[in-house]
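Okay, so here's the structure we're looking at.
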Amino acid sequence: MDNSLSFESFLEGSKKAAHKAMDDHARQEYDEFALHAGVAIERLAKAVLSSKNPIYIAEMKGSAEMLFHLGGHRTANKVRTVGATEAVARLRMLDILPASRQLDLLIEVRNGVAHTASDDQAKSLLPIFAETVEILYKDLGKPLAAFWGRWTTAARLAADRVRSQVYRDVQVRVSQARHAFEDRFEGLPSQVKDLVLQAPVPQEGARVGPIEVDDKKLLLHMAGAQCPACSGKASIFYDMKASSPTQILVTPISMGCFLCGLELGSEEEIYASGVHAKALIFPKETEDINFGEPQAG
């Protein structure tokens, strides 16, 4: 039988496409992510079917020559195997995959039948992608880490429905930022990364105080917090939450790391990342405040 139709070939092809999909998602190229994720699911579905019986991936239209080709008794003039939609349908017939509109959408995008309406819709297909891979790999009885490699943690988090959506989303982004940071130093001496992490952050320890912006007091604080992705020094921004005649209450509203590009857009996201940044109270007349250094952990 053609080696390209072997279980090993389908499995390796699925793994390569899956890693491309995760790289696309990390770069916020969500349409490309959906396409590569669909290819990964199709090839992994065929790997599972062929592990049961190579004949299960045969295209049934036309003559029966593909049955004999896959059975090893003759060579087909034209090799045809099932597409992604039929492969998924057959796995559902075998009670391996459950019905899922999200998975159907992913396959439709891969086949060019459907287009995602927005980046957010394509981005939201990550959990069903990770869940489907996990289900199929469990059926194969193989360790999931062997498939995902460095993306294992991110994929498991994406598939974890027990955790809150915010927590899962943030932790996946942390993992993506970490990989993006590590990729910048691939092939370079380890000392280069150490020097970058030790370099002073722009405006670190800058003077902090109330700033008038459209008649609203906005407080910016370059906190030098430890980034949960790359361990470099990130910046936390605080905004006024409430005030009295003598005091101002500020709460963290966002966090950004210029080293790895991680961005968190709310207090909830900051907390979900593992960084402890508390609300702060200080006198209105104070112009220079030391907020300390919130830490990841």
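The values are calculated or read from the model by the stated rules, or taken from the named source; none is laboratory data. Here the structure is a predicted model, which means the values were calculated and not measured. Here the Cβ positions follow ideal geometry from the backbone for every residue, glycine too, while neighbour counts run over all protein chains shown. Side chains are part of the model used for accessible areas, which takes the heavy atoms of the whole protein and leaves out ligands, DNA and RNA. Shrake-Rupley method; radii C 1.70, N 1.55, O 1.52, S 1.80 Å.
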Could you go through the stretch 152-162 and let me know if any residue there is modelled with pLDDT under 80, within 30 Å of residue 101 (Cα to Cα), out of contact with any strand residue (DSSP E or B) (no Cβ under 6 Å at 6 or more places or on another chain) and not hydroxyl-bearing (Ser, Thr, Tyr). yes
Going through the stretch 181-191 in order, the residues found to be open to solvent by 50 Å² or more (accessible area, probe 1.4 Å) and part of a helix (DSSP H, G or I) are 182, 183, 184, 190, 191
Given the condition assigned to a loop (DSSP other than H, G, I, E, B) and in contact with a Cys (Cβ under 7 Å, 6 or more places away or on another chain), answer yes or no: does some residue in the stretch 247-257 qualify? yes
Of (1) assigned to a helix (DSSP H, G or I); (2) open to solvent by 10 Å² or more (accessible area, probe 1.4 Å), residue 163 satisfies every one except (1)
Among the residues of the stretch 280-297, are any within 20 Å of residue 167 (Cβ to Cβ), crowded, with 19+ Cβ neighbours inside 10 Å and at pLDDT 75 or above? no
Taking the stretch 100-137 on its own, how many of its residues are at pLDDT below 85, small (Gly, Ala, Ser) and assigned to a loop (DSSP other than H, G, I, E, B)? 4
